[in-house]
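Here is the structure we will look at.
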Amino acid sequence: MSIRNHSEITNKESIHLPIGQATLIRFLHGGSAVYPAPDKIFYLIYIQKPVKGKSEELIRTYYIEGEVIGDSEIEAKEDLIKLAHAWKVE
């Protein structure tokens with residue numbers, strides 16, 4: 001799993017979802033090298049699942065990402081986790 005260029009991962013943790021173990025990443029993104037911008041906070045949750053009927057080496061990565069708006073970081077993180085709890089992937 002990769003994040004946007006010119007970003008810095010500031011936290012990474014494992015979370016349990018009904019569909020399995022997932023990873024929650026908090027990262028800062030400051031724009032591009034050409035157009036730097038103030039850091040924005042993002043959260044990304046991803047899970048990897050083997051492709052059914054294929055080699056176990058073949059996996060799919062599913063992810064959802066959200067940007068923190070204003071000073072509601074805790075609420076944004078909780079909302080993204082809540083959304084992930086209703087996640088269905090094949």
Which of (1) assigned to a helix (DSSP H, G or I); (2) surrounded by 11 or more Cβ atoms within 10 Å (Cβ to Cβ); (3) not charged (D, E, K, R) is the odd one out, the single condition Ile74 does not satisfy?
(2)
Top-ranked residue of the range 1-59 - restricted to ones that are within 26 Å of Lys88 (Cα to Cα), of a type in the set (Gly, Ala, Ser) and in contact (Cβ under 8 Å) with a residue 24 or more places away in the chain, ranked as surrounded by the fewest Cβ atoms within 10 Å (Cβ to Cβ):
Gly20
Just the residues that are assigned to a loop (DSSP other than H, G, I, E, B) and either basic (Lys, Arg) or over 15 Å from the mean Cα position of the chain (by Cα) (or both), please, taken from the range 52-71.
Lys52, Gly53, Lys54, Ser55, Glu56, Glu57, Leu58, Ile69, Gly70, Asp71
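Just so you know, all these numbers are worked out from the coordinates, no wet-lab data involved. As the structure is a computational prediction, the values presented were derived from the model and not from experiment. Here Cβ is always computed from backbone atoms with ideal geometry, including for glycine, and neighbour counts include all displayed protein chains.
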